[in-house]
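S.K.: This is the structure I want to talk about, given as structure tokens.
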Amino acid sequence: MTGASSGIGEATARHLRSRGWDVVGVARRADRLAALEAETGVVAHAADLTDGDAVAALAAWLEETGGVDALVHVAGGARGTDRVEDGDPDDWRWMFEANVLSGQRLVASLLPLLRSAADRAGHADALFVTSTAARVAYPGGGGYNAAKAGEAMLVHALRQELNGEPIRVIEIAPGMVRTEEFTLNRLGGDQAGADALYEGVEAPLVAEDVADVIAYALDAPGHVNLDLVTVRPVAQSAQHLLARGPLKTR
Ligand code: 8X3
């Protein structure tokens, strides 16, 4: 379970744990993971997924401590809302690292463990949380759109590469989710800007909503592969069609 220190990742770690899963929470921030471990029993493993050695060490540690039945990759994120012409290459590079290459590293290091689990239990899972931004671009989204589209393509190539093996490859693509950090990080800490994005939106998704969908996908019968689940709040009928104000029938 990556991205376990906040937002959708943390909510999913808590949710799976409460449903009886043994969960290893991976993220960079050891202090937050330690607090989560103390509270919930989600086992903390601090690692930076942009560091190949750290991912290899994670895999070695998982192998020693019992293997892994399901990879749930939530870590990732957005930096900046610049137009393409103004894009900061450092932001774009970070987004490609965090959203695409982190997934590739995890697959490269953990697939042998997933295969062992599949041999034992009959199936194993690799689940990735992407975004509706993977498929619909918007002004100021270029770098994030490109990164999430890249991650989504990785997921769908992987599913085809694993054809014939009992390993499900699942993509969950959330739309507008109000979390503590996603938009704040994207806007470089601009709390007013982050609040404005959600202003007047009745009931945006919260992290627990996505956690629920992830748990459903993982708990489905082993032969059922939810290839791609798009999940949005009712107020967001499409990427650009967002209702602000109360939802009411005409
Ligand atoms: C976040 C969805 O629409 O803010 O992954 O890009 S959006």
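The values are calculated or read from the model by the stated rules, or taken from the named source; none is laboratory data. Source: prediction; values computed, not measured. All Cβ positions, glycine included, derive from the backbone under ideal geometry; neighbour counts span all protein chains shown. Note: accessible area is taken over every heavy atom of the protein model, side chains too, but ligands, DNA and RNA are not part of it. Shrake-Rupley method; radii C 1.70, N 1.55, O 1.52, S 1.80 Å.
S.K.: Let me know the shape class of the stretch 68-234, please: from the alpha-carbon gyration tensor, a ≥ b ≥ c as square roots of the eigenvalues, rounded when a/c is under 1.5, otherwise prolate if a/b is greater than b/c, or oblate.
M.R.: On the way: a/c = 2.44, a/b = 1.62, b/c = 1.51.
It comes out prolate by the Cα gyration axes.
S.K.: Using a Gaussian network model of the chain whose springs link C-alpha atoms within less than 10 Å, name the residue from Ala192, Ala34, Ala117 with the highest mean-square fluctuation.
M.R.: Comparing Ala192, Ala34, Ala117 in a Gaussian network model of the chain, the most mobile one is Ala192.
S.K.: Sticking with this structure for a sec: If the stretch 1-54 were replaced by its equivalent ellipsoid, with semi-axes equal to the square roots of 5 times the Cα gyration tensor eigenvalues, what would those be, largest first, whole Å? Could the numbers behind the result be given before it?
M.R.: Values: eigenvalues 66, 23, 18 Å².
Those come to 18, 11, 9 Å.
S.K.: Here's a follow-up. Report the per residue volume, in Å³, of the convex hull enclosing the C-alpha atoms of the stretch 28-103. Walk me through the numbers before you get to the answer.
M.R.: Numbers: hull volume 8.5 nm³, N = 76.
Cα-based convex hull of the stretch 28-103, divided per residue, equals 112 Å³.
S.K.: With loop defined by DSSP as not H, G, I, E or B, and exposure as at most 14 other Cβ atoms within 10 Å, which is the longest segment of the chain clear of exposed GluC sites (Glu not before Pro)? Could you put the intermediate results ahead of the total?
M.R.: On the way: sites that count: Glu180, Glu181, Glu199, Glu202.
Here the longest segment lacking exposed loop sites spans 1-179.
S.K.: Using alpha carbons only, how many angstrom separate the centre of the stretch 187-250 from the centre of the stretch 1-67?
M.R.: 24 Å
S.K.: Points 7 angstrom from Cα along the Cβ direction at Val234 and Ala30: gap in nanometres?
M.R.: 4.6 nm
S.K.: Please tell me the relative contact order of the stretch 1-160 in percent, rounded to the nearest whole number, where contacts are Cα pairs under 8 Å and at least six residues apart. Don't jump to the answer; show the numbers that get you there.
M.R.: Values: 247 pairs, mean separation 33.4, N = 160.
Once divided by the residue count of the stretch 1-160, the mean separation gives 21 percent.
S.K.: In sequence order, what are the phi-derived ³J(HN,Hα) couplings for the stretch 174-182 according to the Karplus relation 6.51 cos²θ - 1.76 cosθ + 1.60 with θ = phi - 60°, rounded to whole Hz, with x for glycine and proline?
M.R.: Each residue of the stretch 174-182 in turn: x, x, 6, 10, 8, 10, 4, 10, 3 Hz.
S.K.: I've got another one for you. Carbon-plus-sulfur fraction of the accessible area of the chain, 1.4 Å probe, in percent? Walk me through the intermediate numbers first.
M.R.: Values: 6290 of 12060 Å².
That fraction is 52 percent.
S.K.: Accessible area per residue of the stretch 68-234 at 1.4 Å probe, in Å²?
M.R.: Values: 7490 Å² over 167 residues.
Per residue, the stretch 68-234 has an accessible area of 45 Å².
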